[in-house]
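Report on one structure; see the data block that follows.
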Amino acid sequence: MTRPRPLGLVAAALTLAAVPALGVPASAVTYGTPTITLSAAYLSGAVGATGDPTVTVTIAQSGADASALTVAASASSRTSVAGTADVTVSGTAGTRTLAVAARGQGYTDLTVKVTGLGGKTASRTLHYAASPAVQYSTVSRYLTGSSDASAAVDAGGGYLIVADDESNVLRLYDRNASGAPVRTWDFSSALGVSKEIDIEGATRVGNTVYWTGSLGNNKDGALRPDRATVFTTTVTGSGASTQLTPAGSYKGLRADLIAWDQANGNRYGFAAGAASGQAPKQIDGFNVEGLEFAPGSSTTAYVGFRAPLAPPVNGGKALLVPVTNFAQLPGGSAHATFGSPIELDLGGLSIRDIRKNAADQYLIVAGSWAADDNSDPYALYRWTGLAGDAPVKLLDLPTTDAGGWEAVVDVPDLTVPGGRAQLITDDGSADLYGDGTAAKDLTHPEWKKSRSTWFTVN
C-alpha cells in the first residue's frame, strides 16, 4: 500500500518542478532593430551662431523602452565643418533634439546613429551646411526656407511676416529663433499672377498689410507686368496663430507713376527708366523698394525708390513719392493720385526700406541703387516723416558679412535710450557656404536663409 505524502512535501515538489534549470531564462527577450527618423535631412548653421536651427530625432525599438536607447553622431565626412563632438543630442524619450555647433564654413554629412538594447543599431545621414561667422552673432538669427527676404511686417506675439522677391510666398517666422517658417502662404492664383511679383515693400495698418512689387523691369530689362502688382492681405490672430487672407489688388501704379512724371516734365525720367530693355537697378532706373504711410495718415502712403536718384548722379538724393489715395487702390477702380515728391539727403544712398511707429517716428534703411553687392555702403536713418525735415544718420550698417540690408520690421520709441530695431538681409546673391553657389540657387530650402539682426538705434 502506498502511503500518501505529506502536503508540505507535495507543495515543495511542485515548486521545484516550476523552477527551470540554472542559467536558462523562462522566456528569452528579443529586441527588434531600432528605428530612427530625422525631421529634416538637411540642416544649416553658422559659425559662432546663437540658437541655430535643430533637428528632431525620433527613435524606437520593439521590446525596449525608448529611454534605454542612445543617439549620437558617429561619423562626419568633413570634420573641419563639424565633427562628431560638435553634435549635441538632448532628451531621454522617443523624441530627441539634435544641434550642431559649426567649426567652419562648408558642407559635411553627419551620420546619426541610434544604439538599442541587444547592441542593435540603425543610422541616418544629416546633410549639414555651415555659413561663416558674422558680426553681432549673438543678436542675429537665421530665417531658413528662403534666402531672398525683401520686406517684413510685425505679426505680433513675437512673430513676423516676411516677403521674398524671388517668389510670391509670404512666410511667418518666430522673431527670436532661427529656423523654418511656421506657416506659408502663396496668393498667386488669387492675385491672378503667374510670375514673381518681386515684392519689395510692405506696411501694416490695423489688420491690413499692404504689399507692393518693385514696379520695375527684371534685371535684364524685360517688361514683367506682374511686378506692377500692389495687393493687400487681411491679418487674423497673432503670433504663431497668425493667418492671412488675400483682399484686393491693383496693377496700375507703375503706369500711374510714369504718367504723373510725364505730366510734370519728365522730372525723374520714369518713362525712360522703365522702358523695355532698361535694367531697373541703375542710377537713372525705375525700381520701388519702400512703402510706408505718411504721418497721421492711413490713406497717403510714401512710395520709396531705390532708383532713380534725384538727380540721377552720384550724390543724388533719395526719392519718395506720396500716393494720396493709396489705401483705396487695391480692389478699387480709381487711378493713383499724387502729392509733392520728397527728396531726402541720405549721403548718396537710396531707399531700401522705410518704417514708422504709432508716434510717427521713421527709420529708413538706406543702400546703394546698384545691383546687389554687400560691399556697398548701407546706413540707418531716423526721420520725422515731414518733407521739410532732414533725416539724421543713426549708424552705418555692417557690410563685411554676406547679404544686403533690405527690411526693418518695426520702429521702437526713438526717444527712449536702448531701443532696438530688427533688420533683415537679402542673402540671395551670397555664397553662403564657400562653393561659389548663390544662396537663391541652392537645391535644398533648408540651406537657403536670410539673416535678422537687432541693432540698438538710440
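Nothing in this text is a laboratory measurement; each read-out follows from the coordinates by a stated rule. What you see is a predicted model; the values in this text were computed from it and never measured. Cβ coordinates were reconstructed from backbone atoms using ideal geometry, including for glycine residues, and neighbour counts include every protein chain displayed.
The table that follows gives values for the structure above.
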item: Nitroxide proxy distance, nm - points 7 Å out along Cα→Cβ at T56 and N458; result: 4.1 nm
item: Taking L215, L244, L329 and counting other C-beta atoms within 10 Å, the order from fewest to most; result: L244, L329, L215
item: Relative contact order [Cα under 8 Å, 6+ residues apart], the stretch 35-131, whole percent; result: 36 percent
item: Backbone HN-Hα couplings from phi across the stretch 221-226 [Karplus 6.51/-1.76/1.60, Hz, Gly and Pro as x]; result: x, 7, 5, 9, x, 5
item: When each of K219/K448; K113/K449; K251/K393; K251/K281; K393/K449; K251/K448 is checked by Cα-Cα distance, pairs over 23 Å; result: K113/K449; K251/K393; K393/K449; K251/K448
item: Within the chain: Cβ-based charge dipole about Cα centre, in debye rounded to nearest 20 (Lys, Arg +1; Asp, Glu -1); result: 1820 debye
item: Label-point separation in nm, N207 to T234, each point 7 Å along Cα→Cβ; result: 0.7 nm
item: Dipole-positive endmost among T233, I283, S189 within the stretch 137-456 (Cβ charges, Cα centre); result: T233
item: Net charge of neighbours whose Cβ lies under 15 Å from the Cβ of N264, counting Lys and Arg as +1 and Asp and Glu as -1; result: -2
item: Helix-derived mean residue ellipticity, 222 nm - over the chain, DSSP H n ≥ 4, -39500 (n - 2.57), to 500; result: -2000 deg cm²/dmol
item: Förster radius 25 Å - calculated FRET efficiency between N176 and T399 (Cβ-Cβ, nearest 0.05); result: 0.50
item: Rel. contact order, % - alpha carbon contacts under 8 angstrom, at least six apart, the chain; result: 12 percent
item: Spin-label model distance (nm) - V416 vs D360, 7 Å beyond Cα toward Cβ; result: 2.1 nm
item: Size-normalised alpha-carbon gyration radius of the chain, reference 2.2 N^0.38 Å; result: 1.32
item: Paramagnetic label zone (point 7 Å from Cα along Cα-to-C-beta, S123; backbone N under 18 Å) in the stretch 57-90; result: 57-60, 70-89
item: Residue order, fewest to most beta carbons within 10 Å, for F455, F270, F305; result: F455, F270, F305
item: Charge-dipole axis of the stretch 133-259 as Lys and Arg at +1 and Asp and Glu at -1 on Cβ define it, positive-most pick from G157, S147, L244; result: G157
